[in-house]
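A.B. asks: Here it is, the structure in full.
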Amino acid sequence: MVGTLSESYTISPNGEVFLALPGGSALSSAVGARVWTHLPVGLVARVGENYPQARLAEMRQRGIDTSGVRVLPGSYPCASFRCYRSWDEHSERDPVRHFARLGAPLPKDLTPYTSPEEGEQARESFAPTAVRPADFPLSYRGVRGVHLAPGHLVTHLTLPVSLRQTGLATLTLDPSARYMQPSLLRDLPMLLRGLTALLVAEGKARVLFRELTRDPQEMAERLAEAGPQVVAIKRGPLGCWLFDSQSGEHFQLPAYPVASPRNPTGVGDAFSGGFLAGWCETLNPLEAALRGSVSASLAIEAASPWEALERSADLAEARLSFLRSRVAAQ
């Protein structure tokens with residue numbers, strides 16, 4: 001999993017506050033994959049010396065390989081903040097105001113606050129924390145699949161070329177909201193060619209297409225024209241719209257009906273990790289998306305990523321069977 005690592009601060013839609021939890025797009029994706037495999041899941045990320053090194057030990061204890069995590073000299077923003085207005089809509093700005101509204105003290109790591117995602121839209125040069133091809137460890141060569149979690153555009157433009165040269169069979173991408181703007185439309189083939197699957201939140205796709213279309217079926221088809229075999233549009237509580245360009249089939253997948261959702265941060269990434277694990281196991285886009293949906297359900301009802309990993313394999317399989325029986329083909 002290629003992406004970010006952070007310390008996550010979240011205010012959920014019901015006002016529950018989660019402070020300094022292990023987070024980041026790479027880790028949340030790895031957790032989603034680990035639901036379905038006992039094999040180690042590797043991370044590729046860049047962090048500063050201020051990132052808690054104890055987190056890396058926690059990951060290794062849970063079967064997450066950190067040999068691709070590069071610790072840079074100096075300090076870089078590693079606290080991420082999200083305040084959710086609903087279970088699939090959030091703000092990353094002004095933590096001072098949001099904590100004041102709750103009458104809660106502002107965590108010191110958010111004073112002052114700079115999102116670790118700032119600058120992800122840059123395409124001409126690598127920011128210090130942007131993963132580059134040379135960061136991919138030799139020990140990871142020969143892996144069955146790689147997921148590019150939300151991160152820097154320059155990473156998403158350069159790393160696939162390098163990975164394909166190694167013979168990588170499966171490559172999936174979840175683009176960053178920072179660069180999913182209408183100006184990207186002309187460069188979509190450059191970004192998406194050669195992908196096995198594009199896994200994108202509906203909100204990001206709508207911003208990209210603006211007034212061109214708001215229909216998930218049409219968005220999926222337009223995105224598939226740029227290269228990926230499969231497009232999954234993640235719709236939060238509405239589930240997922242799936243398009244397989246090889247067969248021409250569209251599917252609507254429901255979200256698993258979680259009774260008591262808690263922490264929505266990283267849920268979309270957990271879907272992506274589950275999808276990658278499912279694809280590597282079955283090479284079936286529908287089965288992969290179903291596993292992604294189950295991983296997302298386990299993530300949203302847990303306070304922390306580690307809690308999601310503690311759920312039983314039997315529970316995941318039961319949810320998989322439940323969702324499989326409710327898939328609607330279009």
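A.B. asks: Pull up all non-local amide H partners of residue 24: gap of 5 or more, or a different chain, and H-to-H distance under 5 Å with H placed in the peptide plane.
C.D. replies: Answer set, sorted by chain and number: 6.
A.B. asks: What's the extension gain from residue 96 to residue 322 if we count 0.36 nm per residue and subtract their Cα-Cα distance?
C.D. replies: Answer, rounded to one decimal: 77.2 nm.
A.B. asks: Sticking with this one: Describe numerically, in nm with one decimal, the distance between label points set 7 Å from Cα along Cα→Cβ at residue 108 and at residue 314.
C.D. replies: Result for the modelled spin labels: 4.6 nm.
A.B. asks: Let me ask something else. Can you report the principal axis dimensions of the chain using only the alpha carbons, biggest first, rounded to whole angstrom?
C.D. replies: Its Cα atoms span 52, 44, 44 Å along the three principal axes.
A.B. asks: Looking at region 210-318, which trypsin sites (Lys or Arg not before Pro) are in a loop (DSSP not H, G, I, E or B) and have at most 13 other Cβ atoms within 10 Å?
C.D. replies: Passing both the DSSP loop test and the Cβ count: 210, 214.
A.B. asks: Suppose we look only past 14 Å in the calculated P(r) of region 1-41. What percent of the Cα-Cα pairs does that tail hold?
C.D. replies: 56 percent
A.B. asks: How about region 99-200: which GluC sites (Glu not before Pro) there lie in a loop by DSSP and see at most 10 other Cβ atoms within 10 Å?
C.D. replies: 124
A.B. asks: Under 8 Å for C-alpha pairs, at least 6 residues apart: give me the relative contact order for the chain, rounded to a whole percent.
C.D. replies: 18 percent
A.B. asks: So which trypsin sites (Lys or Arg not before Pro) in region 141-196 end up in coil per DSSP with only 13 or fewer other C-beta atoms within 10 Å?
C.D. replies: 141, 193
A.B. asks: Give me, ordered by chain and number, the residues 5 or more places off residue 151 or on other chains with an amide H under 5 Å from its own placed amide H.
C.D. replies: Under 5 Å from the amide H of residue 151 lie the amide H atoms of 176, each far enough along the sequence or on another chain.
A.B. asks: Here is a further query. Under a 10 Å cutoff between Cα atoms, tell me which one of 90, 98, 152 has the largest fluctuation in the Gaussian network model of the chain.
C.D. replies: Among 90, 98, 152, the largest mean-square fluctuation in the Gaussian network model of the chain belongs to 98.
A.B. asks: Running a GNM on the chain with Cα contacts under 10 Å, which residue among 195, 290, 238 ends up with the highest mean-square fluctuation?
C.D. replies: 238
Coordinate-derived values only; no laboratory data. Note that the coordinates shown come from a computational prediction; the quantities given were computed from them, not determined experimentally. Positions of Cβ are generated from backbone atoms using ideal geometry, with glycine treated the same way; all protein chains shown enter the neighbour counts.
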